[in-house]
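What follows is a single structure, written as structure tokens, with notes after it.
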Amino acid sequence: MYRKFSADHIFNGYSFRQQEVLITDTAGVIVDLVCEQEAGDNIEKLNGILCPGFINVHCHLELSHMKGLVPKHTGLVDFVLAVVNERHFEEAEILSAIEIAENEMLQNGIVAVGDICNNTLTIAQKMKERLWYHNFIEASGFPPAFAELRFNRALDIYHNYAEKFPRNSIVPHAPYSVSPEIFAMINDFAGNRIITIHNQETAAENDFFEKGTGDLLRMYRQMGIDISFFKPSGKSSLQTWLPHFTKEKKMILVHNVFTSAADLSFSKLHAANCKLQTFFCLCPNANLYISNMLPDVNMLMQHSANIVLGTDSLASNDQLCMLEEMKTLQHHFKELELSTLLQWSTSNGSRALQMDNMLGSFEKGKKPGLVLIEGVEDLKLKKDAKAKRIL
Ligand SMILES: [Zn+2]
């Protein structure tokens, strides 16, 4: 038994296809994409754009209970302090928020998630297998003296996930919260095929590594972290931390609000030398929420960066919806084409999370999920455009 779909536009993961019909089996496995004349009858006609399910490359499902808790536009340091100090809730409340947030992602057409984990609270929900996950177990700890302790804590959590799920990594939280010793352990950890890191989310991060100054000093002081051992490298954050990674891996850099052209040239060279494959994940609504800033998307594109998108968590976003991230980018970068945004959200995301053998495009044998986007005019998303999963 087959199902056949036509739509105003079909986006196959890479480009728009004209006058084609998508054929799947009843479970949603792609059988073919053929021209209308060859498709026969019983075609279900859809109004809108039909595209593969979205890949949310950066989320923190475990922070879903913090929705609306942190005020907007406080800047990163106050945001981090708020998350550290206010994330502790009754477990039942956290679990219920996780379930609601996953439902929201599912309804908004998301099929796979790169999810940051600092605890095991999302395991029960993920075991329902409604979405695909890559679990990024976060290690942090800036003073070198705690490196082993903190890495072993992450390793414990990693084992809990690895017992249940095949896709997991141990990853650094951010350049300013991880010591060179932990970076080395993460680089050497055999289970790691994909790494992700919060990168250059604030200007203070570059100030700290370049000159040892800036707002991060206030964060360490308020958290009681002694940083007397620290010596600035005289280089930007990215140029300081990226050389810790020397082994063939995928590397997803998240945020990149203060990443410069020089940083991109540096990363390209280092990636080529060490066979790293880099992806730059944008979470525009979280950037607007926290600091009211956005990354230089045009510059990233000029450097032919592999761009992917993420929602970040409900602590720094009003919703977990990839279409809302695309709308924000379209609004601020008028020349961005919808096909580019959709490619970032589908096939690029699936490559970043190493799920491109099954997700991200309408190619034979894949089961990417079928999403219908309604509310599109002249291939631009209208304010009220909506995405929904249809298979
Ligand atoms: Zn994040």
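A short reminder: the numbers here are calculations on the coordinates, not readings from a lab. Computed from a predicted model, the values in this text were never measured in an experiment.
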| note | Residue-ordered couplings for the range 116-125, obtained by feeding phi - 60° into the Karplus form 6.51 cos²θ - 1.76 cosθ + 1.60 and rounding to whole Hz (Gly and Pro as x), are 7, 10, 10, 7, 9, 5, 8, 4, 4, 5
| If one computes the Cα centroid of the range 101-170 and of the range 230-293, what distance in Å separates the two points? | 21
| request: Based on a Kirkwood Rh over C-alpha pairs, give the Stokes-Einstein translational diffusion coefficient of the chain at 20 °C and viscosity 1.002 mPa s in µm²/s. | output: 100
| Beta bridge orientation in the chain: antiparallel %, DSSP, nearest 5 | 35
| field | Partners for residue 164 among lysines (Cα-Cα distance below 16 Å; same-chain residues under 8 apart left out) | value | 126, 128
| task | Let me have the relative contact order for the chain, percent, based on Cα pairs under 8 Å that are six or more residues apart. | result | 23
| said: Using the Karplus curve 6.51 cos²θ - 1.76 cosθ + 1.60 with θ = phi - 60°, what ³J(HN,Hα) values do you get for each residue of the range 275-280, in whole Hz, with x for Gly and Pro? | reply: 6, 7, 10, 9, 10, 10
| remark: For residue 134, other-chain or 5+-apart residues with amide H closer than 5 Å (H placed, Pro excluded) are 113, 114, 115
| Got a sec to turn the phi values of the range 34-40 into Karplus ³J(HN,Hα) couplings, 6.51 cos²θ - 1.76 cosθ + 1.60 with θ = phi - 60°, whole Hz, x for Gly and Pro? | 10, 6, 3, 4, 8, 7, x
